[in-house]
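Right, one structure below, let's go through it.
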Amino acid sequence: MDLEDDTTIFKTLKSLNTFISRPEHPQRPSEQLGIGNLQSHYKRSFEILEATERVHSQHRYLQLDQEKQQMELSHKRARFELEKAASDSARDLEVQKNFSVYMQKIEDLEKERQRLEEQNNILEMRLERHNLQGDYDPVKTQVVHLKLNPTTEAKQQRQKEVEDVREELNRLRELVRSFQEGGMVAQDDSRIHTSGLNLRKQMESSELRNQRLKEVFQKKIQEFRTVCYVLTGYQIDITTENQYRLTSAYAEHMQDSLLFKKIYGPGSNGSMQLMETEFSKTLGEMVNLHLHHQKSIPAFLSAVTLDLFSRQTVF
Amino acid sequence: MTSTLKGVTLKGSAELVADFFSFGINSILYQRGIYPPETFTKASHYDMSLHITTDAKLKNYLTNVVSQLKEWLFECTVQKLVLVITCLETNEVLERWQFDIECDKSAKESSAPREKSLKTIQDEIRSVIRQITATVTFLPLLETPCAFDLLVYTDKDLVVPEKWEESGPQIIDQSEEVRLRSFTTSIHKVDSMVAYKRTNSV
């Protein structure tokens, strides 16, 4: 058909061409021929116009046909692609469906995980708090303490105190009752009781004072004896009632001592008398001189001191 | 002390921790006025001045507990030591000083000493005792006569010694808790904390 069309176009074009090229030459004869030729000229141009019109429409038709074919082709191609796409997308759709299911699952799991994490945090905090407060797992742990501990003892002590107080209360209640019943008798009774208590208290305090004084005296006496010994060179001891033993700091033997006795009686008010000892027997001269003649015990004692002292420092 | 500059052995660690408890308990009893201040004397330890009881009975009790504790520390069977302060009028627990002990039980198998200097450990212990002293500023005043007891949390399978007995945990009803510093000998880790009864006056 295409070929047929093409030949028609060619034929038409050819005839048109010959038609156009022809009147070039008869132009001059037309001038020569005049009005008789004008009519045929007009007819010809009309024919030309008609032929041109035909060629144009023919050409137009061919163009449209071509376009139609192209369109059909692209339509075919589009349909094919569409079908292909349709089958592809069907497969994709399934994948996509699965995909979104998985996504949802992941999302759900993530949410669940977050929830569990929060819960875990809360539980851990609670556990930490319980631990801080002293809670424990009885499967793994036991709590022990010494049976005899300060708290138990303090509680026992308190219990005892409570019992004592209760006892005292009962006793006092009893006393009040007997007072209400017996009047004066009970009153006297209680007064005696309290005065007895007071006396005992006084006694205790005076005993304590006595004890203190004793301690002070003991100290003072010792101090006094030491001073005497240092200053006079004699240690003085009371052996029996009214007898005094003097031991010199420079004595050659431990037992070398002088014994004095206090004499009571008319004319000899508290005077001292030398008693005989092993040591005094060796001091005949000094006894004679200082005691019998000079009647001075201090002079005698000094002489003895000097004598013993000189003996010590001879060599 | 068995721990030297070379490191810490299990035995040395047990002694260090037992010593800490001895001084720590004395400090708490002094700070919280459980015993009259005149029954304490000052002693120098960890490069600081500490109060140590002179009360013979209390001393004896503390020695008994601490020496037993040392044994348990060496065996790694002790989990906590708790000093519980109880009000004698209401029998209510007012304060709980809790020391959580984590023992590295692997130290029982290998006797190789850990590399941690005694000085570092003592520095850590000193900070804990300082903090115990400082807590007096926020703990409620103990206005009633109180007594204390020492509880030991041990492993369940431990055989309870003759003079000891099981006890309750003596938990405070409605308490506030404060965590204090920790120290570690690298074998024993000790976490300190105090819980005290919430007062409604605030």
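Computed quantities for the displayed model
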quantity	calculated
Meets criteria (under 22 Å from A:Asp135 (Cα atoms), hydroxyl-bearing (Ser, Thr, Tyr), touching a residue at least 24 places away in the same chain (Cβ under 8 Å) and within 14 Å of another protein chain (Cβ to nearest Cβ)) for B:Ser167	no
Test: residue in segment B:101-121 that is of a type in the set (A, V, I, L, M), more than 30 Å from B:Val8 (Cβ to Cβ) and surrounded by 16 or more Cβ atoms within 10 Å (Cβ to Cβ)	no
Flag for A:Val162 being modelled with pLDDT of 90 or more and at the interface with another protein chain (Cβ under 10 Å from one of its Cβ atoms)	no
Close pairs from segment A:285-299: first free of Cβ contacts under 8 Å to residues at least 12 places away in the same chain and hydrophobic (A, V, I, L, M, F, W, C), partner surrounded by 10 or more Cβ atoms within 10 Å (Cβ to Cβ) and part of a helix (DSSP H, G or I), Cβ under 7 Å, at least 6 apart	A:Ala299/A:His290
Count of segment A:137-157 residues which are assigned to a strand (DSSP E or B) and either more than 15 Å from B:Trp164 (Cα to Cα) or more than 7 Å from chain B (Cβ to nearest Cβ) (or both)	1
Answer residue from segment B:105-156, given it is free of Cβ contacts under 8 Å to residues at least 24 places away in the same chain and charged (D, E, K, R) and is nearest to the other protein chains (Cβ to nearest Cβ) among those	B:Lys156
Failed item, numbered, when B:Thr77 is tested on (1) more than 12 Å from every other protein chain (Cβ to nearest Cβ); (2) touching a strand residue (DSSP E or B) at 6+ places or on another chain (Cβ under 7 Å); (3) surrounded by 16 or more Cβ atoms within 10 Å (Cβ to Cβ); (4) modelled with pLDDT of 90 or more	(1)
Residue that is touching a Phe, Trp or Tyr at 6+ places or on another chain (Cβ under 8 Å) and among the hydrophobic types (A, V, I, L, M, F, W, C), where the choices are B:Ile101, B:Ile125	B:Ile125
Segments classed as strands (runs of 3 or more DSSP E), wholly inside segment B:85-202, with at least 1 members that are modelled with pLDDT of 90 or more, of a type in the set (Gly, Ala, Ser) and in contact with a Ser or Thr (Cβ under 6 Å, 6 or more places away or on another chain)	B:146-155, B:188-197
Any hit, segment B:44-67, residues being at negative phi, surrounded by 17 or more Cβ atoms within 10 Å (Cβ to Cβ), more than 14 Å from chain A (Cβ to nearest Cβ) and part of a helix (DSSP H, G or I)	no
Residues within segment A:153-178 that are hydrophobic (A, V, I, L, M, F, W, C) and touching a Leu at 6+ places or on another chain (Cβ under 7 Å), tallied	1
Single residue of B:Glu95, B:Glu89 found to be out of contact with any helix residue (DSSP H, G or I) (no Cβ under 7 Å at 6 or more places or on another chain) and over 23 Å from B:Ala134 (Cα atoms)	B:Glu89
Filtered residue count, segment B:9-37, keeping only those that are touching a residue at least 40 places away in the same chain (Cβ under 8 Å) and assigned to a loop (DSSP other than H, G, I, E, B)	4
Flag for A:Ser206 being small (Gly, Ala, Ser) and at pLDDT 85 or above	yes
Within segment A:121-156, tally of residues that are within 23 Å of the chain's Cα centre (by Cα) and more than 24 Å from B:Asp157 (Cβ to Cβ)	10
Output for segment B:170-202, where each listed residue is acidic (Asp, Glu) and more than 9 Å from chain A (Cβ to nearest Cβ)	B:Asp173, B:Glu176, B:Asp191
One residue from B:Phe74, B:Phe40 being among the aromatic types (Phe, Trp, Tyr), closer than 29 Å to B:Lys116 by Cβ and touching a helix residue (DSSP H, G or I) at 6+ places or on another chain (Cβ under 6 Å)	B:Phe74
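The values are calculated or read from the model by the stated rules, or taken from the named source; none is laboratory data. Please read all numbers here as calculations on a predicted model, not as lab measurements. All Cβ positions, glycine included, derive from the backbone under ideal geometry; neighbour counts span all protein chains shown.
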